[in-house]
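Chemist: What follows is a single structure, and I will ask about it in a moment.
Where a number appears in this text, it was derived from the coordinates with a stated rule and is not lab data. No experiment lies behind these values; they were computed from the predicted model shown. Methodologically, a virtual Cβ is constructed for each residue, glycine included, from the backbone with ideal geometry; neighbour enumeration extends over all protein chains shown.
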Amino acid sequence: MNYKNYNDYELIYHVREQNDDSYGIIFQKYIPIIKRIALDAYMKFSSYGYDLDDFIQEGYLGFQQALSSFDETKNSLFYTYASMCIQRKIISFCKKISSVEKNISNHYYVSYEDTPIIDPSPGMEEVLVNQEFYRGLWEIVYTFPLEYTCVFELRMNQFPYQEISQLLDIPVRKAEFMIYRIYRKIRREFCWKD
């Protein structure tokens with residue numbers, strides 16, 4: 001199905017008006033994203049005795065939360081907001097299953113602090129440098145059309161070009177070219193050498 005023909009904001013409006021068809025369309029559109037985020041967490045926490053389906057279920061709950069609480073007046077993409085809600089819900093689940101009291105590990109104990117899902121808190125100077133860098137990075141990215149930013153966000157979330165091509169219904173070579181153009185402009189702006 002070509003999801004580019006469907007506007008997320010219109011679908012959300014219809015979902016809130018209890019339209020089951022719109023819910024089915026937006027749900028099918030975001031299933032690959034939910035599964036991808038869930039699979040990443042599952043790979044890190046599989047030793048706790050939970051199936052991939054448990055992680056996916058948490059992702060579905062995060063997506064439901066995103067649908068009900070998204071505020072389109074804040075000028076943010078629904079994709080970004082939904083991804084954040086899904087990740088938060090799955091991270092909460094990972095914290096819960098890895099706590100000492102609830103740990104049902106079949107093999108060994110892995111502390112949540114030892115996993116790379118959340119970095120240890122950096123120093124204030126590092127935070128300010130990173131914030132400035134990301135602000136500058138996204139200012140560059142947002143100079144491109146929306147189609148480019150969608151490809152860039154998916155790529156930043158470690159989606160392979162093949163999946164990006166399927167999700168956005170564009171050729172793989174076009175997705176690669178879009179990333180190349182953004183990368184080239186970022187390199188120029190930050191004066192990086194090849």
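Chemist: Take the cross-link list Lys35/Lys95; Lys29/Lys74; Lys95/Lys174 and give me the ones stretching past 29 Å between alpha-carbons.
Modeler: Working: Lys35/Lys95 19 Å; Lys29/Lys74 22 Å; Lys95/Lys174 39 Å.
Flagged as over cut-off: Lys95/Lys174.
Chemist: Here is a follow-up. Order of 145-152, 180-187 by packing, highest average Cβ count within 10 Å first?
Modeler: Values: 145-152: 17.1, 180-187: 13.5.
Put in order of decreasing packing, that is 145-152, 180-187.
Chemist: Mind giving me the nanometre distance, one decimal, between the label points for Leu39 and Asp169, set 7 Å out from Cα along Cα→Cβ?
Modeler: Calculated label separation equals 2.3 nm.
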